[in-house]
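The values are calculated or read from the model by the stated rules, or taken from the named source; none is laboratory data. Quick caveat, the model's predicted, so the values are computed rather than measured. Reconstructed Cβ throughout: ideal geometry from the backbone, glycine too, with neighbour counts over all protein chains shown. Areas reflect the complete protein model, heavy atoms only, side chains present, ligands, DNA and RNA absent. Shrake-Rupley method; radii C 1.70, N 1.55, O 1.52, S 1.80 Å.
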Amino acid sequence: MSFFKNKHRLHDPVWHVQVAMLVALILQLTLPDKFSVGTRYIIPAIEALLLLALSFTTPKERIFRSLARRVNVLLLIIITSIANAYALVRVTDQLLQSHISNGRELILTAVNIYLTNMIIFGLWYWEMDGGGPGERHRLQHYELDFAFPQQQNEELSHPAWRPTFIDYLYTSSTNAMAFSPTDTMPLTRRAKILMLLQSMISLIAIALVAAREAIVREPRAFS
């Protein structure tokens, strides 16, 4: 299948972003209402409209500069980030209460937040690096926020290689799991701050699961 071939792409496929965001939407819809802003349907409905609009605001040509697409994507990322941050605050508050009525629900919510966090920061990195996908293809030389292995060693890739959303999603996932950069290095301060913020959120989400397990095993120590 062509999807699994490691080939050079002349453009950054927008459907990769749409599929990832669709997964994030599904994750948000599975959250209980008490961990959502309003009800669980309000934010996903707004995100779905912005996701649909992305198909129309993204120019079809490989090289583009589009303010409408930029605003569209930033709104989508910001709204999703706020919703996930709100869920993290709510589940943390629930865990810190002396009486926990539904520990399984809290664990599943923490895992949900952790997975959604990977997608959100993959989007942040994708849109931030070098000014976004349009600028990365428009400019032959652009300021790197992230240094991928292919950019550090030309023998590893096509001469005109540019990262796509999948590369940023991978970077986000490894940062969430390792709490540090792996093969892709942050070069700018804003990239480092974003990676630090993602690691902190991931650590808190994992710590919630660990803390819940500790409470179940030693309830007297936390009473």
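Descriptive notes on the structure:
- Given (1) modelled with pLDDT of 80 or more; (2) of a type in the set (A, V, I, L, M, F, W, C); (3) in a helix (DSSP H, G or I), index of the condition VAL209 fails: (1)
- Cross-chain or 6+ apart pairs with Cβ under 7 Å, region 168-186 first and assigned to a strand (DSSP E or B), then open to solvent by 20 Å² or more (accessible area, probe 1.4 Å): PRO186/LYS192
- Set LEU29, LEU67: member being closer than 24 Å to HIS137 by Cα and at pLDDT 85 or above: LEU67
- Criterion: at pLDDT below 80, part of a loop (DSSP other than H, G, I, E, B) and open to solvent by less than 80 Å² (accessible area, probe 1.4 Å) - qualifying residue of ARG9, ARG40: ARG9
- Failed condition for LEU106, given (1) of a type in the set (A, V, I, L, M); (2) open to solvent by 30 Å² or more (accessible area, probe 1.4 Å); (3) at pLDDT below 80; (4) within 24 Å of the chain's Cα centre (by Cα): (2)
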